[in-house]
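See structure below.
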Amino acid sequence: MLIEIPELLSSETLQHCRDVLADAPWADGLITAGTQSAQVKNNRQLPEQSKQCQVLRNLIADALNRNALFLSAALPKRIFPPLFNCYEGDHNAFGNHIDNAVRQCPISGQRVRTDLSATVFLSDPDSYDGGELVIEDTYGRHAVKLAAGDMVLYPGSSLHRVEPVTRGTRLASFFWIESMTRETERRRLLFEMDMAILQIRTIQGDSEPAVNLTGCYHNLLRMWAEV
Ligand code: NI
């Protein structure tokens, strides 16, 4: 299941990100690639030790923690500190790969199981050609190119790639989430239930059925969550 989170970043935060990235010390994207993905990865990435990366990570983390849609869709247990990449010129694509199942943050040493992958688009889609994130899941192939500030969440088990950028610059943040509910289908069911309860409450207020359904949601989450 692909979930789009519109306007994760406000226009002010987005501008702040772009200002920080304007003088970023970009390095070869191979610094975090696994053996297979190193064969197909051709982009640039912000070194995790750079001060720019620290600043940007905090901006993204704050936005995630405030976003109800993200919290409901991902049910995050741990979030790998966001990374940042740049596709342009000769470093313009990332071929088909599946992300590593477990990532270890080199700074904290913490391991994160990559139940979900996330990309936050930082460049205006009209400012570059190509650069679609193409994701293949059980429902087929999806080409994703969102407005700046929007995020897409997709199962970490999906085969995916970034198409070559043939004009302009594509800046993005990417990271992984370990969810309290490991199974995609359980997470999906909880998310759909949460959204339906929200709709019912909007129409009816806190009616008795709405309260009862909310209880069912929490009891399912209690049964399935690993915290
Ligand atoms: Ni990937």
Check on Asp150, surrounded by 14 or more Cβ atoms within 10 Å (Cβ to Cβ) and more than 15 Å from the ligand (Cβ to nearest atom): yes
Based on this model, can you work out whether Ser173 counts as away from the ligand (no atom under 12 Å from the Cβ), touching a Phe, Trp or Tyr at 6+ places or on another chain (Cβ under 8 Å) and within 18 Å of Ala33 (Cβ to Cβ)? yes
Quickly run through the stretch 2-52 and pick out the residues that are on the phi > 0 side of the Ramachandran plot and at pLDDT below 95. none
Where Glu7 falls short, out of the listed (1) away from the ligand (no atom under 15 Å from the Cβ); (2) over 14 Å from the mean Cα position of the chain (by Cα); (3) surrounded by fewer than 19 Cβ atoms within 10 Å (Cβ to Cβ): (2)
Cβ-Cβ under 9 Å, sequence separation 6+ or interchain: first residue in the stretch 116-127 and of a type in the set (Asp, Glu), partner crowded, with 21+ Cβ neighbours inside 10 Å. Which pairs? Asp124/Ala148
So how many residues does the stretch 1-58 have that are of a type in the set (A, V, I, L, M), out of contact with any Leu (no Cβ under 9 Å at 6 or more places or on another chain), under 22 Å from Thr114 (Cα atoms) and without any contact (Cβ under 8 Å) to a residue 60 or more places away in the chain? 3
Those residues that are out of contact with any strand residue (DSSP E or B) (no Cβ under 8 Å at 6 or more places or on another chain) and more than 14 Å from the ligand (Cβ to nearest atom), I need them from the stretch 91-127; list them, please. Pro106, Ile107, Ser108, Gly109, Asp124, Pro125, Asp126, Ser127
Yes/no for Asn67 being surrounded by fewer than 20 Cβ atoms within 10 Å (Cβ to Cβ) and under 20 Å from Met1 (Cβ atoms): yes
Wholly within the stretch 118-227, which strands (runs of 3 or more DSSP E) include no fewer than the required count, namely at least 3 residues that are out of contact with any Pro (no Cβ under 8 Å at 6 or more places or on another chain) and farther than 19 Å from Pro82 by Cβ? 140-144, 165-167
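Determine if the stretch 134-142 includes at least one residue that is touching a Lys or Arg at 6+ places or on another chain (Cβ under 7 Å), in the same structural domain as Ala172 (by TED's automatic domain parsing) and in contact (Cβ under 8 Å) with a residue 24 or more places away in the chain. Even if it seems obvious, please write down each step before you answer.
Of the stretch 134-142, the ones touching a Lys or Arg at 6+ places or on another chain (Cβ under 7 Å) are 134.
With in the same structural domain as Ala172 (by TED's automatic domain parsing) added as a condition, the list becomes 134.
With the extra rule that they be in contact (Cβ under 8 Å) with a residue 24 or more places away in the chain, the set shrinks to 134.
Checked against the condition, which is being touching a Lys or Arg at 6+ places or on another chain (Cβ under 7 Å), in the same structural domain as Ala172 (by TED's automatic domain parsing) and in contact (Cβ under 8 Å) with a residue 24 or more places away in the chain, the stretch 134-142 yields at least one hit.
The values are calculated or read from the model by the stated rules, or taken from the named source; none is laboratory data. Keep in mind it's a predicted model, so treat the numbers as computed, not measured. We place every Cβ from the backbone using ideal geometry, glycine too, and count neighbours over all the protein chains shown.
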